[in-house]
Amino acid sequence: MPKLTYEELTDQGFIFGGECMPNGELRVRCMHDSGVGYIWTQPPQDMQPTWQNAHYHKGVKETYIVQKGQMAFATRLSDGDCTVQLYGAGAVVTSQPGVEHNVYLFAGCAIHTVKHGVPLGNPDKGGADWYPSSESFDTWCKSLSEADMRHLSGSLG
């Protein structure tokens, strides 16, 4: 079977890239222009890990697979209750459309994120199915220390 060239893949709508996020995380992406795809994420080696930005999706699910280390996954349910769970290497957790969520990668963690579903784009985010959460949920997440997360969560995965 012949290998496809980079040009052939981009002609089919695939977008490849990498970036360092404002919180220092390294992200390497293989996305489709439809808004689904794959992201490898790891926290910075020389900085204290921090929460990502809380958000939700209207049509996309995100399946997080913990490759190594430990990840915290916070959600805000429709009744307003906020939860945080810890997941270790080998664990898998999937966000649901319409449910606010946030991720924290402990030092030494690395995760795979698979975005799947039917993207319903946000024109304010270039058509990506990514919507910011309420400020109160984002603030709640970012107020939690690693000790708080361990106290609030039963370790899963």
| Which order results if F16, F106, F137, F73 are arranged by neighbouring Cβ count within 10 Å, fewest first? | F16, F106, F137, F73
| request: Give the calculated FRET efficiency between L9 and V92 to the nearest 0.05, with a Förster radius of 30 Å applied to their Cβ-Cβ distance. | output: 0.65
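Within a 10 angstrom radius of the beta carbon, how do T75, T113 rank from fewest other beta carbons to most?
Numbers: T75 20, T113 17.
Ordered from fewest to most neighbouring Cβ atoms within 10 Å, T75, T113 come out as T113, T75.
Which order do V103, V118 fall in if you start with the one that has the fewest other Cβ atoms within 10 Å? Write down the numbers at each step before the final one.
Working: V103 24, V118 14.
With the sparsest Cβ surroundings first, the list reads V118, V103.
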| query | Taking the simple approach of a point 7 Å from Cα along Cα-to-Cβ for both C30 and D124, what is their distance in nm? | reply | 3.3 nm
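Classify the stretch 26-134 as rounded, prolate or oblate, taking a ≥ b ≥ c as the square roots of the eigenvalues of its Cα gyration tensor: rounded when a/c is under 1.5, otherwise prolate if a/b is larger than b/c and oblate if not.
Values: a/c = 1.70, a/b = 1.26, b/c = 1.35.
Cα axes put the stretch 26-134 in the oblate bin.
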| said: Just to be sure I understand: of the beta bridges DSSP finds with both ends in the stretch 6-156, what percent are antiparallel, rounded to 5? | reply: 95 percent
| request: Lys and Arg at +1, Asp and Glu at -1: add these up for the other residues within a Cβ distance under 11 Å of E62 and post the number. | output: +1
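Evaluate E = 1/(1 + (r/R0)^6) for L152 and Y131, where r is the Cβ-Cβ distance and R0 equals 25 Å; express this FRET efficiency to the nearest 0.05.
Values: r = 25 Å, r/R0 = 0.99.
For R0 = 25 Å, the calculated efficiency reads 0.50.
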| field | Restricting the stretch 6-90 to trypsin sites (Lys or Arg not before Pro) in coil, as DSSP defines it, with at most 15 other Cβ within 10 Å | value | K58
| Mean Cβ neighbour count within 10 Å, used as a protection proxy, ranking 84-90, 143-149 highest first | 84-90, 143-149
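Read-outs throughout are calculated quantities, based only on the coordinates presented, and are distinct from any laboratory measurement. What you see is a predicted model, and the numbers here were worked out from it, not measured in a lab. Cβ coordinates were reconstructed from backbone atoms using ideal geometry, including for glycine residues, and neighbour counts include every protein chain displayed.
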